[in-house]
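Please read the structure below before turning to the comments.
Throughout, read-outs are computed from the coordinates displayed, never taken from laboratory work. These numbers were taken from a predicted model, which means no experiment stands behind them. Neighbour counts run over all protein chains shown; Cβ positions are idealised from the backbone, glycine included.
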Amino acid sequence: MAECQDLLEIQLASETNNQPKQKHIITFMDRKWYNAAAEGRINQFKDYTEPLDLLRTANKNTVLHVHITAVKKETEESIEFVKLVISKCSSLLVEPNIKGETPLHIAARFGHKNIVECLVDNIKKAQHEDLERGAEASISEKMLKTTSPDEDTALHEAVRNNHPQVVETLIRENPEFANIANAAGESPLYLAAVRENNSIASKILEICPSPAYIGPKGRTALHEAVISKDKDLTRKILDKNNSLTKEQDKKGWTPLHYASYFNLIPIVEMLLADDNKSAAYIGDNHERKPLHIAIICGKSHLKVMKKIMSDCPDCCELTDNRGRNILHFAVESGSFKGVQIITEEPSLANLINQKDKEGNTPVHLVAAFGFEECSLTEHHLVDIKAVNNKNLTALDVVLERKDESYEPLGFTERDLRRVGYKRGRPLVQLKEREQAKIDDKFISELKKASKSHQIVATLIATVTFTAGFTLPGGYNQDGHDEGTAILTRRSAFKTFLITDTLALAFSISVMLIHFLLTLSRNKRKFFFLFFWAFVFTIVAMMLMMVAFMAAVYAVMPHSSSGLRAAIWVIGSCLALLCFYMLKVTLPEI
């Protein structure tokens, strides 16, 4: 007995003398038997006469657990070893380890199909023998025994580790496997769907008459099939149980909500087919319907929006818990194509001036968000004078805005004057609001850029100033023209003098402007001065380039016409590049 199992007793004395000593028994398997079980050495166990259920590792694994875990590839020898162990101690079939895992769980986890079949056959045989002896025994209870604390069945293990053959073996032997959820609330079918394993999910649907579809957070296998964008699995689940289209998760979303969100038009068509249209009328926790979700997602989801509106036209009348209809949602999401589609539908004319719980019509939202190119303000049915719960019209909302101008919203200056007069606000305040468009953050960025611009302007001024006293070609040393430039009569030299002087003037102007910027407290004036300083800097750079080309051209002999032409071409390209940069930048500013 000492050969098959060693028991080590450790007595731990408490630090307190009054407390009794505690005794812990640590179990371990002798190396000889552990290695024999792992390697499947049948001969070593044939003559073993002691009870095999006493051979346990520290984690309470039996020789059956050890062998099945160690098997890399199933062979006839491994099957024979399992049969031998079972014949010597049949109770090991359902004996759990410290985690509550039976040998069937281990075999299913590693995909040992033949071992699974062997274990199932022996469990059934043991069931028959128990019944013959008159004992009450349940094959379901033995085979479906779950692990702790995860409460996974052997089928969960096979599905999670993607072993379709083992899955088929288990559910054919006992379809009840497919009806059990683990501690996380995952049914085997849900687990297959969430892992996008179509073949296993299809096999469960094919064999089991009524499998469980449940999953955590209120989701079902159909939810996960839609989220995985699996059209084939979605169709198979719907064929088996189309009532799942109405199931809501913890957010209140049905599969149709997810199909609308992910823009899955083929799946939307499946979910709305036949008698499933009621799913379009189910709201989530905020009473948002699938149609609302499609509209929120913008113009990319217009096909889904049109499909739901076509199949369930009366769901267009439904609102969310804020009282907002689909036109409110279209405006709120910036889907102006959606606005156009809705407003062009005669049967939806009532939505144009419908108010939400705050009294805002869709036009109030247009005014609040400052959307451009929105056709709603031009619609002939729009009531622009409608007031919300704060007694504000859409035009009043425009005036309340502090970061956008009124011009893109389709309201005339005459309208604004009328509203401004009614509310005692002069139109001058609009100019102040326009000035607020240039916010403090933008001005601070310009102030940082101003320092680098000053350095550039100073360099240009230094170079052009120096060039004015070191003229190309030099000076006359004798005669009545002593001290004058030698190349005075050349056109290129005259061009050099003019462009160099202009470059110096522009660069000094830039330096002066940046000096004035430090004294400016008006945002609009600051931006105006910074803009012209930027333009003058670019112009000064272009003039400096032209002055350089003219100076080089003036001192080159006529015999070097090819070199002179090359210099002009290079210089012209650089000047054109500067001009192009200026042209591109000015509209953005």
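Each Cα pair under 8 Å and six or more residues apart adds its sequence gap; the mean of these over the residue count of the range 213-318 is a relative contact order of 22 percent.
For the cross-link pairs LYS251/LYS289; LYS250/LYS299; LYS203/LYS231; LYS113/LYS203; LYS83/LYS113, which exceed 18 Å when the distance is taken from alpha carbon to alpha carbon?
Over 18 Å apart, Cα to Cα: LYS250/LYS299.
Protection proxy ranking for 76-85, 349-358, using the average of other Cβ atoms within 10 Å per residue and placing the highest first: 76-85, 349-358.
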